[in-house]
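The values are calculated or read from the model by the stated rules, or taken from the named source; none is laboratory data. Values in this document were obtained by computation on a predicted structure and should not be read as measured data. Note: ideal-geometry Cβ built from the backbone for every residue, glycine included; neighbour counts use all protein chains shown.
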Amino acid sequence: MVLVIVLLLGACGSSPAKPSPSPRARSAPTTSVDSGNGALDSCLVGTWVDLGESDTLSYKGTPVVMRGLAGKTVTISSSGIETSSFASAAPLQGSVGSSTYTVTGSGTITEIVSSSAGVLTFSDVNYTAFSETATLAKAATFPPEPPPPTPVRYRCSATTMSLAGAGLYARFRRSSSSPATASAIPDLFVYTAAMPSPGELFVWPRFPPMTEMDDNDWISGITWTASEISASGSGAFYTDLTCGGPAASCPPTDEGTVEFRATQPKTCTVTFADQSTGKPQSEQALVFDRLLYILTSGPSTGKVYSFSSPCSGASQSPGR
């Protein structure tokens, strides 16, 4: 039971040759807000109040979507000790057929938490002071057994924290804290004709330095700036369609510069390609819903393209 473990207790000179596709650069990173050096992100330190979370459990082999735990508190020390208190936590509830399935926790859980590249990892979980009960249609039943701790993506700011994984989403507000170091910059969703369907999700500060528009056109050397309401980037546009031979033998031609503009932050369920398998996966995320690129120099100066929207519906994928 991931939720019990993770949430109950708590990613300049001459024209360059076309870059080879890099899984690291072109995949959906699970990065977020820390430096990725394995040390605990200082933004996480403090006491957090659960605003509600959801996860999918299994009841006798049947998946059950469970929601609840508002009021649970999670305290994370600078040494990485996390203590979760269920004194004021709402129960988890879901439906099995026409019956309500309820899981109620009490007491506290302690564990060790660490962060790396926007991912939280849990270890040394101690349930000694924790207990839980479960009912189905108000009749007592056995509570679910928690599996080993599962890493999750996180986002942290001066006032809020969220956790996300496969079928898992939780929101917290800060009760008391040490100085926060991160801001809630939305994720960037990118889909082009060269991307694996259904697109890729990038998490600040690892927005992509290069993106292929199709098999013959790409933008490289992209530098980004971002805030909680918008992001912008600029790079050089290249093509290898300027000679009559095979694409591999055609030297790239610099077609000008491109400016990216990402706006309209929204929270929605985003579907994107899994980093390791390329298969579609979905999770709830705060993401820029509108992404444009504008040709700012070259033969097509002023032309504007709209990327696919992750929340509001697809636009035509840019590419030629």
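Looking at region 43-93 only, could you name the residues that are within 17 Å of residue 175 (Cα to Cα), in a loop (DSSP other than H, G, I, E, B) and charged (D, E, K, R)?
Answer for region 43-93, where residues must be within 17 Å of residue 175 (Cα to Cα), in a loop (DSSP other than H, G, I, E, B) and charged (D, E, K, R): just 72.
Can you tell me which residue within region 114-137, out of those that are touching a Pro at 6+ places or on another chain (Cβ under 7 Å) and hydroxyl-bearing (Ser, Thr, Tyr), is surrounded by the fewest Cβ atoms within 10 Å (Cβ to Cβ)?
123
For the list (1) of a type outside the set (Asp, Glu); (2) in contact with a Lys or Arg (Cβ under 6 Å, 6 or more places away or on another chain); (3) at pLDDT below 80, I need the number of the one condition that residue 49 fails.
Condition (3) is where residue 49 drops out.
Hey, among the residues in region 81-109 that are surrounded by fewer than 18 Cβ atoms within 10 Å (Cβ to Cβ) and more than 25 Å from residue 139 (Cβ to Cβ), which one's nearest to the chain's Cα centre (by Cα)?
Among residues in region 81-109 that are surrounded by fewer than 18 Cβ atoms within 10 Å (Cβ to Cβ) and more than 25 Å from residue 139 (Cβ to Cβ), the one nearest to the chain's Cα centre (by Cα) is 81.
Considering only residues of region 36-47 that are out of contact with any Gly (no Cβ under 8 Å at 6 or more places or on another chain) and of a type outside the set (Val, Ile, Thr), which is surrounded by the fewest Cβ atoms within 10 Å (Cβ to Cβ)?
By that ranking, first place goes to 37.
Among the residues of region 78-100, count how many are polar (S, T, N, Q), modelled with pLDDT of 90 or more and either in contact with a helix residue (DSSP H, G or I) (Cβ under 7 Å, 6 or more places away or on another chain) or under 27 Å from residue 115 (Cβ atoms) (or both).
Residues that pass the stated criteria total 3.
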